[in-house]
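Below is one structure, written out as structure tokens; comments come after it.
The values are calculated or read from the model by the stated rules, or taken from the named source; none is laboratory data. From a predicted model like this one, the values you see are computed outputs, not experimental measurements. Here Cβ is always computed from backbone atoms with ideal geometry, including for glycine, and neighbour counts include all displayed protein chains. SASA here: full protein model, heavy atoms, side chains in, ligands and nucleic acids out. Shrake-Rupley method; radii C 1.70, N 1.55, O 1.52, S 1.80 Å.
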Amino acid sequence: MKIERVELHHIELPLVHPFETSFGREFTRSCILVTVRADGLAGWGECTAEAGPWYSYETVETAWHVLRDFLIPAVLGQEIASPADVVARFLRIRGHPMARAGLENAVWDLQAQAQEVPLAGLLGGQRDRVPVGVSVGIEQTLDELLDRVEQHVGEGYGRVKLKIKPGWDVEVVRAVRERWPDLPVQVDANSAYTLADIAVFRELDQFELLLIEQPLHHDDIVDHAKLQSQLHTPLCLDESIHSPEHARWALDIRACRVINIKVGRVGGLTAARQIHDLCAEQGVPVWCGGMLETNVGRAANVAVATLANFALPGDISASSRYYPEGRDVAVPNFVLNDDSTLSVPSGAGLGVQIVPQRLVAARLRHLVQNA
Ligand code: SMG
Ligand code: MG
């Protein structure tokens, strides 16, 4: 198919509840949605770069620049038979995985629509439901945190992830453990610690956590390997894994025992599946991370999480956990099932539809490039 038009939509949506991590508190979420048009179809992808370079060096502005000036020109007007052709055309562009993923994932949606199959099936996934959990941000007080966890447990989430930072770690985990002794719990530090904090990790090691996510520097694997060798709890890498190569290097030196796959951070669905396959070969479980996606990105996350080695619940919560009713740019919403799963859409492609009025209401900037 010939790529006839690509559009970028810079959008911003309010969060239902502020989300605080070790790098700061967010009240809204910005991202870029990418539309790719060919043969009368429109494929959609979500670029997960945020407003500022806190989680990743990529921002909406850097992604807009790289998409407009390098990625779109590499595919516009070109014959593209499959997402692999997009990956090949992007090979000479270094870095900027979230920008690349936004466009590549739109082509995955386009191809699945052209073949009239769900994206999950095109990727090779088998499940019709994927297990999910909820990521709980840092709160002002321990009581507020416990109230949030209680709310989410009441909603039916079977796995909780707690954001930690120095001063908000052992006591928080202890309090949650005392109240819910059997709840599957994991923690995420977003790189807030160093090897000098070994005493904190020795204490966290007592709580039968599912995993400890990205405790050390955002680009490190060497120190993580040193820390993992001293802990019984599996370490899970998030920020440090930007590509299948990073995953292989990390596994080679035993820097972690679990990998969080974020489709944006690793550069798209093709790379996400490669990391999944590599980890499966080595007996390393993976799970799908989240970037507070709209239903567009959420649908791609649900699709990839249908692959067999997504063995742990994903940070893919129900749509209502993120945005006020009636604001998400795509429908239908994802709703939590009784067994702490989300159902995989059965429609062709992503299986969600854009609501044009909502897109326009959320949009700050729009770019249209024709072949
Ligand atoms: O999408 O439910 C979600 C958020 C999951 O905690 C989450 N993501 O480091 O894993 C992570 C964080 C990054 C989010 S920064 C906005
Ligand atoms: Mg993380």
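Just for the chain, what percent of DSSP beta bridges are antiparallel, to the closest 5? Provide the component values of the computation, followed by the final result.
Working: 35 of 55 bridges.
Taking every DSSP beta bridge within the chain, about 65 percent pair in antiparallel fashion.
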Original post:
Whose amide H sits under 5 Å from the amide H of GLN353, counting only residues 5 or more places off or on another chain, with H placed in the peptide plane?
Top reply: VAL331
Original post:
When the Karplus curve 6.51 cos²θ - 1.76 cosθ + 1.60 is applied with θ = phi - 60°, which whole-Hz ³J(HN,Hα) does each residue of region 318-329 get, with x for Gly and Pro?
Top reply: 4, 4, 5, 6, 10, 10, x, 3, x, 9, 4, 6
Subject >> Computed [θ] at 222 nm, helices only, for the chain once each DSSP H run of length n ≥ 4 contributes -39500 (n - 2.57) >> reply: -9000 deg cm²/dmol
Subject >> Spin-label pair ASP143/SER82, simplified geometry with 7 Å Cα→Cβ offset, distance in nm >> reply: 5.9 nm
**OP:** For the chain, find the longest principal axis of its Cα atoms and tell me its angle to the long axis of helix 142-155, 0 to 90°, nearest 10.
**Re:** 60 degrees
Original post:
Which cross-chain or sequence-distant (5 or more) residues have an amide H under 5 Å from the amide H of LYS165, H modelled 1.01 Å from N in plane?
Top reply: none
Subject >> Spin-label pair VAL222/PHE70, simplified geometry with 7 Å Cα→Cβ offset, distance in nm >> reply: 2.7 nm
**OP:** Quote the relative contact order of region 42-155 in percent (integer), defining contacts as alpha-carbon pairs under 8 Å separated by 6+ residues.
**Re:** 29 percent
Original post:
Which of the peptides 295-308, 120-133 is most tightly packed, and how do the rest follow, judged by the mean count of other Cβ atoms within 10 Å per residue?
Top reply: 295-308, 120-133
**OP:** Calculate how steeply helix 295-304 sits against the longest principal axis of the alpha-carbon atoms of the chain, using the helix alpha-carbon long axis, and give the answer as 0 to 90 degrees to the nearest 10.
**Re:** 70 degrees
**OP:** On the protein heavy atoms, probe 1.4 angstrom, tell me the percent of accessible surface of the chain carried by carbon and sulfur.
**Re:** 51 percent
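In terms of the Cα gyration tensor, with a ≥ b ≥ c the square roots of its eigenvalues, is region 121-273 rounded because a/c is under 1.5, prolate because a/b exceeds b/c, or oblate? Can you show the working numbers first?
Values: a/c = 2.03, a/b = 1.18, b/c = 1.72.
Oblate, because a/c is 1.5 or more while a/b does not exceed b/c.
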Original post:
Angle between the Cα long axis of helix 170-179 and the longest principal axis of the chain, 0 to 90 degrees, nearest 10?
Top reply: 90 degrees
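Run the numbers for ALA361 and ARG127: contour at 0.36 nm per residue of separation, minus the present Cα-Cα distance, in nm.
Working: separation 234, 0.36 × 234 = 84.24 nm, distance 3.45 nm.
Fully extending the segment from ALA361 to ARG127 adds 80.8 nm.
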Original post:
Tell me, what is the per residue accessible area of the chain in Å², probe radius 1.4 Å?
Top reply: 39 Å²
Subject >> FRET efficiency, GLU171 to TRP249 (Cβ-Cβ, R0 35 Å, nearest 0.05) >> reply: 0.50
**OP:** Find how much the distance from ALA371 to VAL200 grows on full extension, using 0.36 nm per residue of separation minus their present alpha carbon separation; answer in nm with one decimal.
**Re:** 56.0 nm
Subject >> Charge sum, other residues only, whose C-beta stays under 12 Å from GLN151's C-beta, Lys/Arg counted +1 and Asp/Glu -1 >> reply: -3
